[in-house]
1. Exactly one condition in (1) surrounded by 15 or more Cβ atoms within 10 Å (Cβ to Cβ); (2) more than 17 Å from Tyr105 (Cβ to Cβ); (3) in contact with a strand residue (DSSP E or B) (Cβ under 8 Å, 6 or more places away or on another chain) is not met by Leu300; state its number.
2. Looking only at the stretch 127-140, decide whether some residue is more than 16 Å from the ligand (Cβ to nearest atom), surrounded by 15 or more Cβ atoms within 10 Å (Cβ to Cβ) and over 29 Å from Pro263 (Cα atoms).
3. Of all residues in the stretch 140-179, which are touching a strand residue (DSSP E or B) at 6+ places or on another chain (Cβ under 7 Å), of a type in the set (A, V, I, L, M) and in contact (Cβ under 8 Å) with a residue 40 or more places away in the chain?
4. Does the stretch 177-197 include one or more residues that are closer than 22 Å to Tyr97 by Cα, open to solvent by less than 40 Å² (accessible area, probe 1.4 Å), away from the ligand (no atom under 16 Å from the Cβ) and assigned to a loop (DSSP other than H, G, I, E, B)?
5. Filter the stretch 94-119 for residues that are closer than 27 Å to Ala65 by Cα and surrounded by fewer than 17 Cβ atoms within 10 Å (Cβ to Cβ) and give the result.
6. Only one residue in Leu76, Leu124 is more than 16 Å from the ligand (Cβ to nearest atom), more than 23 Å from the chain's Cα centre (by Cα), among the hydrophobic types (A, V, I, L, M, F, W, C) and over 24 Å from Ile220 (Cβ atoms). Which one?
7. If you go through the stretch 212-271 one residue at a time, how many are open to solvent by 20 Å² or more (accessible area, probe 1.4 Å), of a type in the set (D, E, K, R) and under 20 Å from the mean Cα position of the chain (by Cα)?
8. Consider Asp9 against the criteria (1) crowded, with 18+ Cβ neighbours inside 10 Å; (2) in contact with a strand residue (DSSP E or B) (Cβ under 8 Å, 6 or more places away or on another chain): it satisfies all of them except one. Which criterion is unmet?
Amino acid sequence: MKVLFQSADADAQASLDLLARQLPQAHFDLWPQAGGEAHDVAVCWKPPPGFFRGRRFRAIFNMGAGVDALLQDPELPAATPIFRLEDAGMAEQMEEYVAWAALGYLRNMDVYVRQQERAEWKQLDPRPRENFSIGIMGLGLLGQRVARYLHAMGFPVRGWNRSERGIDGVTCYAGEAGLSKFLTDTQMLVCMLPLTPETQGVLNAALLAQLPRGAYLVSIGRGLQLVEADLLDMLDSGHLAGALLDVMPQEPLPADHAFWRHPLITVTPHISAQTLMEASMRQIAEKIDAFMRGESVSGLIDRNKGY
Ligand code: OXD
């Protein structure tokens with residue numbers, strides 16, 4: 001079996017070595033150093049334009065959960081199955097990240113950080129956890145894990161998904177019809193949607209205005225889901241109390257971008273769930289093995305849905 005390996009990350013060779021250890025029978029080529037021959041499968045992450053030109057693979061394995069970058073490539077072979085990474089240590093990180101955001105906002109930690117900058121000693125009224133509702137937008141594998149985790153912490157949790165989902169203890173809403181109801185009582189909105197043509201720009205003024213005054217936004221899906229100017233207006237008008245942004249329309253976020261210095265915005269550099277290479281390469285090796293044996297492989301992308 002021949003594998004063509006490509007990664008936009010700096011340590012591509014190290015990741016390839018991890019995968020090669022799991023698949024000792026396979027021959028690997030690291031793109032672009034060696035990539036001229038025919039390969040059975042591609043393992044890639046954010047391949048640059050031209051990667052697929054003139055190539056055919058039996059399957060493509062994406063080294064991340066989101067396939068938006070891959071699906072945008074006009075030269076992506078049309079019928080080749082694409083498999084994404086499923087969890088591989090990402091769900092636990094997202095649980096931690098959102099739990100930290102929820103506790104920080106509930107306990108006014110962002111306000112206390114700003115007060116410290118002014119040497120201001122002022123106690124704010126406590127807010128009970130049971131009155132603080134968190135809304136998870138996007139109930140895929142990761143969204144469901146985060147919803148369950150917050151529920152176990154004692155927060156009232158609601159979830160919204162394009163299609164119906166049922167999660168014990170979580171009030172679930174679906175589709176256009178359920179969106180307003182979902183937003184009206186959501187005090188902290190966590191966007192975990194995949195990026196598709198439908199979700200691009202979904203975090204806009206019309207949607208954010210449906211949140212109650214003083215709500216907080218956590219954006220951990222993709223940066224292009226956020227309409228930047230609308231967020232800034234909502235913060236400046238006081239409708240939103242703050243935002244925690246982990247994903248940006250342009251990454252890295254340019255040094256002169258307004259988000260860096262906005263007093264109500266916290267920026268993290270796309271770390272809500274980082275790819276854990278050992279676990280990810282183990283999972284991809286298992287998927288490749290199963291695929292080559294003709295078994296069914298989970299994580300198959302539905303190109304019509306975009307995830
Ligand atoms: C992913 C990511 O999609 O890291 O896995 O953003």
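The values are calculated or read from the model by the stated rules, or taken from the named source; none is laboratory data. Everything numeric here is computed off the predicted structure, so don't read it as measured data. Positions of Cβ are generated from backbone atoms using ideal geometry, with glycine treated the same way; all protein chains shown enter the neighbour counts. With ligands, DNA and RNA removed, areas are computed over all heavy atoms of the protein, side chains included. Shrake-Rupley method; radii C 1.70, N 1.55, O 1.52, S 1.80 Å.
1. Of everything listed in (1) surrounded by 15 or more Cβ atoms within 10 Å (Cβ to Cβ); (2) more than 17 Å from Tyr105 (Cβ to Cβ); (3) in contact with a strand residue (DSSP E or B) (Cβ under 8 Å, 6 or more places away or on another chain), Leu300 misses just condition (1).
2. Looking through the stretch 127-140, at least one residue is more than 16 Å from the ligand (Cβ to nearest atom), surrounded by 15 or more Cβ atoms within 10 Å (Cβ to Cβ) and over 29 Å from Pro263 (Cα atoms).
3. Within the stretch 140-179, Val146, Leu150 meet the criteria.
4. yes
5. Within the stretch 94-119, Glu96, Trp100, Leu103 meet the criteria.
6. Criteria check complete, one pass: Leu124.
7. Residues that pass the stated criteria total 3.
8. (1)
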